[in-house]
Amino acid sequence: MTHQREVILDEMGKYKGHPTADALYERIKKKLPRISLATVYRNLEILSEAGMIRKLEISGRQKRFDRQLEHHHHICCVQCHRIDNLKVETVSPEAAAEIGYRISGCRIEFFGICPDCQKKNERKQQQGDMGGGTACKINGHNGYSINARQRKVLQALDSGSCACARDIAAAVALEPAQVSCQLTALKKKGLVASPARCHYELTAAGKDLL
């Protein structure tokens, strides 16, 4: 246990939530001005391997770290990317055992829209209604405005399973860069999720909109 690792653990204990290495670095360099970001990354990996912290690898997102060691799951907001702890019942290993696997661990990822983002969406909708704007109504959900390209992207995802930006671009006759921009906007609105790196699928809100 080096002094650097003690400082990292101390800052993690003070941090509310699940910090990235970059966020911790901004705090740690106030106490250790000569420390580098690479050193923070390396020490976080060492502490994770030693079982003193948990490393969270949310699909398609920057790694985050958790000081709480007891077993629990996490939920990620698809708009602001906030991560919260989530307690769920134990997952049965029977399905894996049936095909010959011996379970060594599991990771369940939940996605949704956090309370803060829901309030922001409601305020935006109210402002749009007061200004006479036209928002596409999602059945039972907050309203969103989407353009023609974004609707094409949603329709392409609705026609198949999880797809990458290049597949979607071919389906809607747009450049991959254009599709990536639309996907980013749709993810912020909670209409599209990224369950695997560089792959996308409709959320429940996206399906409702269509």
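Here are some notes:
- Checking G160, G190 one by one, the residue that is in a loop (DSSP other than H, G, I, E, B) and modelled with pLDDT of 80 or more is G190 and no other.
- Within segment 183-197, the set of residues being open to solvent by 20 Å² or more (accessible area, probe 1.4 Å) and in contact with a helix residue (DSSP H, G or I) (Cβ under 7 Å, 6 or more places away or on another chain) comprises A185 only.
- Cross-chain or 6+ apart pairs with Cβ under 8 Å, segment 100-124 first and touching a residue at least 60 places away in the same chain (Cβ under 8 Å), then open to solvent by less than 80 Å² (accessible area, probe 1.4 Å) and assigned to a helix (DSSP H, G or I): I113/N121; I113/A205
- Identity of the residue in segment 11-56, over 21 Å from the mean Cα position of the chain (by Cα), surrounded by fewer than 18 Cβ atoms within 10 Å (Cβ to Cβ) and aliphatic (A, V, I, L, M), that ends up nearest to C76 (Cα to Cα): M52
- Criterion (surrounded by fewer than 16 Cβ atoms within 10 Å (Cβ to Cβ), of a type outside the set (A, V, I, L, M) and at pLDDT 80 or above) met by exactly one of K152, K137, K87, K120: K120
The values are calculated or read from the model by the stated rules, or taken from the named source; none is laboratory data. Please read all numbers here as calculations on a predicted model, not as lab measurements. Methodologically, a virtual Cβ is constructed for each residue, glycine included, from the backbone with ideal geometry; neighbour enumeration extends over all protein chains shown. In case anyone asks, the SASA skips ligands and DNA or RNA and just uses the protein heavy atoms, side chains included. Shrake-Rupley method; radii C 1.70, N 1.55, O 1.52, S 1.80 Å.
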